[in-house]
1. Can you tell me which residues in the range A:77-102 are assigned to a helix (DSSP H, G or I) and within 12 Å of another protein chain (Cβ to nearest Cβ)?
2. Just wondering, is there one or more residues in the range A:128-140 that are away from chain B (no Cβ under 14 Å) and at pLDDT 90 or above?
3. Any idea how many residues of the range A:232-278 are part of a strand (DSSP E or B) and surrounded by fewer than 18 Cβ atoms within 10 Å (Cβ to Cβ)?
4. Pairs please, first residue from the range A:262-274 and farther than 17 Å from residue A:63 by Cα, second anywhere and in a helix (DSSP H, G or I), Cβ atoms under 6 Å, 6+ apart in sequence or on different chains.
5. Restricting to the range B:87-102, and then to whatever is touching a helix residue (DSSP H, G or I) at 6+ places or on another chain (Cβ under 9 Å) and modelled with pLDDT under 90, can you tell me which residue is surrounded by the most Cβ atoms within 10 Å (Cβ to Cβ)?
6. Looking at A:274, A:256, A:261, A:247, which is the one that is within 17 Å of residue A:82 (Cα to Cα) and in contact with a strand residue (DSSP E or B) (Cβ under 8 Å, 6 or more places away or on another chain)?
7. Given the criterion farther than 25 Å from residue A:111 by Cβ and within 10 Å of chain A (Cβ to nearest Cβ), identify the matching residue among B:23, B:70, B:43.
8. Applying the selection to the range A:103-126, what residues are surrounded by fewer than 17 Cβ atoms within 10 Å (Cβ to Cβ) and part of a helix (DSSP H, G or I)?
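The values are calculated or read from the model by the stated rules, or taken from the named source; none is laboratory data. Treat the numbers as computed from the prediction; the structure is a model and nothing was measured. Here Cβ is always computed from backbone atoms with ideal geometry, including for glycine, and neighbour counts include all displayed protein chains.
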């Protein structure tokens, strides 16, 4: 029974700016047949999903103008990455988990202090006497640098944003009719976790003449979203989605290099909502 | 120019500022470590030096960059070009070895064992000088191995003038460091 309701929720389309948060209706339906058109049944955790990014209304005053050198692919990618982080860290949306940044900061500053200490020691003490300590310092520094590089390459990869959100949902748990529990104690905490990676794809696969500078020849920004929604402290899985999309940079940056942040945020919002709906593309 | 950058920093947050400063600091740290690593590998206190005087002409001119190594087990021979530092004098001197004498092992074995490699006594002279370096030794009769910074293995002409310029005009040094720092802080990888 629960499975068919998921199909209905997808058929209702993506939310627009003005619709309320919860999609499913409250009125319980007596008819059990799945083909009864738009029959509403009690909301279960599978159909209902918390607010997606598109339902957050943003005013134009919130933003600073972003202007980059639109011939530099690195600057374009950094501008898009920053915009993703700004967009998804809004108070109503996800809370960014800074684990990768903190690990990089910690390891980096530790290696700087090791290097500074070793150099200072070598400066103060005679060369011959300082050799053992300086050698140890050098080995520690090289080790930390290798760990940093491996972490950035394997663990962090192309990650742009890792976020978490906890929402409270006042709803009926699917097993409430089996247990003799009162309705008021059926609050559940839904935990969501989202993970975005980005990369730049070159323009060579788009057209035959990649050497001509034109908007159709622009490199593309590829964004991949992985989304997990669970409850009961991560023990029951509610939804899982993974999507990927690419769009040319020229769709978001004009010829002066000014970024059209609304269009970009709309594109990101749609992609994230696809992920939240559980698409496994 | 800076108001833009300060606004950007405030927007991006404290972590971002820490990251940018880390970029700059880690460049300096890696430079220091490369220098120290080179010193350990070559067993020399200062493996790269700049020639300051003309006492080794026509072999080396002022402004040449010299590369040194100091293997502990190597014997120095007449004709080797060495860089040495007299205790009490600040500046290392690069001259050629004129005479070498081997020190006979002392009867006290413990003392002899603390010296790694052959212990030699050396006399040096600059190619472009008329007399040997006795006057420069500040009272010593011979140079010992422990005074030697290293033996010259190779050189690059003219490159050392950058270091000479930065020593003669310290403003240049600070300007260069300041410029590098600004570049590292304002750039994103």
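1. Within the range A:77-102, the first condition is being assigned to a helix (DSSP H, G or I), and the residues that meet it are A:77-88, A:99-102.
Once the filter is applied, which keeps residues that are assigned to a helix (DSSP H, G or I) and within 12 Å of another protein chain (Cβ to nearest Cβ), the range A:77-102 yields A:77, A:78, A:79, A:81, A:82, A:83, A:85, A:86, A:99, A:100, A:101, A:102.
2. Let us first name the residues in the range A:128-140 that are away from chain B (no Cβ under 14 Å), namely none.
Looking for residues that are away from chain B (no Cβ under 14 Å) and at pLDDT 90 or above, one finds none in the range A:128-140, hence no.
3. Number of matching residues: 9.
4. A:272/A:53; A:273/A:54
5. Here is the first cut: in the range B:87-102, the ones touching a helix residue (DSSP H, G or I) at 6+ places or on another chain (Cβ under 9 Å) are B:87, B:89, B:93, B:95, B:98.
Going one step further and asking which of them are modelled with pLDDT under 90, we end up with B:87, B:89.
Values: B:87: 8, B:89: 12.
Among residues in the range B:87-102 that are touching a helix residue (DSSP H, G or I) at 6+ places or on another chain (Cβ under 9 Å) and modelled with pLDDT under 90, the one surrounded by the most Cβ atoms within 10 Å (Cβ to Cβ) is B:89.
6. On the way: A:274 fails: within 17 Å of residue A:82 (Cα to Cα); A:256 fails: within 17 Å of residue A:82 (Cα to Cα); A:261 fails: in contact with a strand residue (DSSP E or B) (Cβ under 8 Å, 6 or more places away or on another chain).
After applying the criteria, what remains is A:247.
7. Working: B:23 fails: farther than 25 Å from residue A:111 by Cβ; B:43 fails: farther than 25 Å from residue A:111 by Cβ.
Just one listed residue meets the conditions, B:70.
8. Of the range A:103-126, the ones surrounded by fewer than 17 Cβ atoms within 10 Å (Cβ to Cβ) are A:103, A:105-106, A:109-110, A:113, A:116-117, A:120-121, A:123-126.
A:103, A:105, A:106, A:109, A:110, A:113, A:116, A:117, A:120, A:121, A:123, A:124 - these are the residues of the range A:103-126 that are surrounded by fewer than 17 Cβ atoms within 10 Å (Cβ to Cβ) and part of a helix (DSSP H, G or I).
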